[in-house]
Amino acid sequence: MSKSAAKWNGVKAALETLNIPQAEAVYFGDDNDDIEPIQMCGMGIAVSNAIEAVTDAAGYITGSNDEDGVAHFIEANLL
């Protein structure tokens with residue numbers, strides 16, 4: 001697999017295309033391929049069922065996928 005096939009490269013390309021600064025981007029994740037985007041975006045959030053490396057990298061932790069953690073975080077902090 002190509003080393004350029006990383007989630008962060010896709011997120012970065014989308015941010016550039018939409019003219020959104022990294023510092024204003026919000027990213028939610030739960031697995032190894034989410035660590036870099038969580039670290040690079042302005043707000044990196046892990047769901048509580050994420051692997052430990054992701055929760056360690058995140059600035060915030062929200063409820064699990066089963067608890068609609070992403071939706072609750074957005075409602076409480078971004079709207």
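No lab work stands behind these numbers, since they all come straight from the coordinates. Every value quoted in this text rests on a predicted model; they were computed, and no experiment measured them. Cβ atoms come from the backbone with ideal geometry, glycine included; neighbour counts cover every protein chain shown.
With the contact rule set at Cα under 8 Å and sequence spacing of 6 or more, what percent relative contact order holds for the range 5-45?
Values: 46 pairs, mean separation 16.5, N = 41.
Relative contact order here is 40 percent.
Using the Karplus relation 6.51 cos²θ - 1.76 cosθ + 1.60 with θ = phi - 60°, the per-residue 3J(HN,Hα) values for the range 13-21 come to 4, 5, 4, 5, 4, 8, 6, 10, x Hz, with x marking Gly and Pro. Take every pair of alpha-carbon atoms less than 8 Å apart whose residues are at least six positions apart; their mean separation over the length of the chain yields a relative contact order of 21 percent.
What number comes out for the charge environment of TYR27, summing +1 per Lys or Arg and -1 per Asp or Glu over other residues with Cβ under 14 Å away?
On the way: positive: LYS7, LYS12; negative: GLU24, ASP30, ASP31, ASP33, ASP34, GLU36.
Here the count lands on -4.
Shown for the chain is the translational diffusion coefficient from the Stokes-Einstein equation, using the Kirkwood radius over Cα pairs, a temperature of 25 °C and a viscosity of 0.890 mPa s: 192 µm²/s. With the simple spin-label model, which puts each label point 7 Å out from Cα in the Cβ direction, the ILE51 to GLN39 separation comes to 1.4 nm.
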